[in-house]
Amino acid sequence: MNELFINTENAEYQIIQSLKLNRVKRNKSHEIFIEGIECIKQAINSNIEITRIIIKNINTLSNWGENVIEQYKDVKIIEMSDKLYSELAEKAEPSEMLVTAKIMPNTLDDIYTENPFFILFDRPSDYGNLGSIIRSANAFNADGIFIIGHGVDIYEPKVIRASLGSIFFTKIVTIESMEILLEFIKAQKMKNNMKVIGTDSIGTVSVKDSKINRPVMVIIGNEAKGMSVRLKEICDEIVKIPMHGNVNSLNVSCAASIIMWEIYKNGG
């Protein structure tokens, strides 16, 4: 077993901390920081490469924790002092284990289906919303999620936790430019007549009256600004969710989940 004990901050600790806090470091190394037992379980189930297992006390692990250590006995096991472990963990009551893992980004070539159901999220700005949308996309059988524009990092630990680990089973692609997106949509329309459906609280068609089904790409707008003007221009239809009450809009992850359910209900 490759075991290391860290009592004071050192180079190894700084690396782990940078994977938690630094987007550039994560993207450059293709390595991420994972916290939360359910997220770690899902990471293990997805067979991604675990690079470190970080614990407080190897002698107080649960049966599950001991089994993980046994399963990954060739991985670096790092035991930390309570102080350092608590500083590294985000949660007020840290779980018994943290891990780091290698993960390679998806490309458009990784997402191919003859009858697609795609989600495009425009400039996501909230970790919880992005994670929740990833979780719903996984639950409602979406084939992939595209992110366009400057937004939060998809592998920010808070996003991973909000997705409850479903991020490890969801194909997510960052679209580098509008030109790349337009080419992809054009190709999909030629292959399978995919429709592009926008979502907006002042959309022209109620989701009740629009039977959204595969093949489809659903565009989810930025939390504060909605869809960009350019994205609105490429929509075949913009739908709204009818509501009662005094507010005129839903949280973006709630709205996205409702739309995804409609597609799933209609055979998605």
* Asked: For region 108-265, what is Rg from Cα atoms divided by 2.2 N^0.38 Å, rounded to two decimals?
  -> 0.96
* Please give every one of the lysines within straight-line cross-link reach of Lys232, meaning a C-alpha to C-alpha distance under 19 Å, and leave out same-chain neighbours fewer than 8 residues apart. => Lys186, Lys189, Lys195, Lys240
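How many times 2.2 N^0.38 Å is the alpha carbon radius of gyration of region 49-150?
On the way: Rg = 18.2 Å, N = 102, 2.2 N^0.38 = 12.8 Å.
Rg over 2.2 N^0.38 Å, computed on Cα atoms: 1.43.
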* Asked: Roughly what angle does helix 11-21 make with the longest principal axis of the chain, taking Cα atoms, 0 to 90 degrees, to the nearest 10?
  -> 20
* Structure fact -> Rounded to one decimal in nm, the spacing of the 7 Å Cα→Cβ label points at Glu179 and His150 is 2.0
* Asked: Setting aside same-chain residues fewer than 8 positions from Lys191, which aspartates and glutamates have a Cα under 18 Å from its Cα?
  -> Asp109, Asp110, Glu114, Asp143, Glu183, Asp236
* Nearest 10 degrees, 0 to 90: what angle lies between the long axis of helix 127-139 and the longest principal axis of the chain (Cα atoms)? -> 70
* Lysine pair count for region 2-102 [Cα-Cα under 15 Å; pairs on different chains or 8 or more apart] -> 10
* Fewest first, what order do His150, His30, His244 take by the number of other Cβ atoms within 10 Å? -> His244, His150, His30
* **Radius of gyration, Dmax [region 27-71; alpha carbons; angstrom]** => 11.4, 35
* All aspartates and glutamates inside 14 Å of Lys158 as judged from Cα atoms, apart from same-chain residues fewer than 8 positions distant -> Glu35, Glu38, Glu90, Asp126
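Where does each of Thr170, Thr204 land when they are ranked from fewest to most other beta-carbon atoms within 10 angstrom?
Working: Thr170 20, Thr204 12.
With the sparsest Cβ surroundings first, the list reads Thr204, Thr170.
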* Considering the options Leu108, Ile220, Val247, tell which one lies farthest towards the positive end of the dipole of region 108-265, charges being +1 on Lys and Arg and -1 on Asp and Glu at the Cβ, about the Cα centre. => Val247
* Asked: On a 0 to 90 degree scale, rounded to 10, what angle separates helix 252-265 from the longest Cα axis of the chain?
  -> 70
* If you build the Cα gyration tensor of region 113-178 and take the root of 5 times each eigenvalue, what three semi-axes come out, in whole angstrom, biggest first? -> 17, 16, 8
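Can you give me the Kirkwood hydrodynamic radius for the chain, using every pair of distinct Cα atoms, in Å to one decimal? Numbers along the way, then the final one.
On the way: mean 1/r = 0.0502 Å⁻¹.
Here the Kirkwood hydrodynamic radius works out to 19.9 Å.
Using 0.36 nm per residue, how much length does the chain from Lys91 to Ser228 gain when fully extended, once their Cα-Cα distance is taken away?
On the way: separation 137, 0.36 × 137 = 49.32 nm, distance 3.50 nm.
Between Lys91 and Ser228, full extension yields an extra 45.8 nm.
Laboratory data are not the source of any read-out in this text; all were calculated from the coordinates shown. The structure presented is a predicted model; accordingly, all values stated were derived computationally and were not measured. All Cβ positions, even for glycine, are placed from backbone atoms using ideal geometry, and neighbour counts span all protein chains on display.
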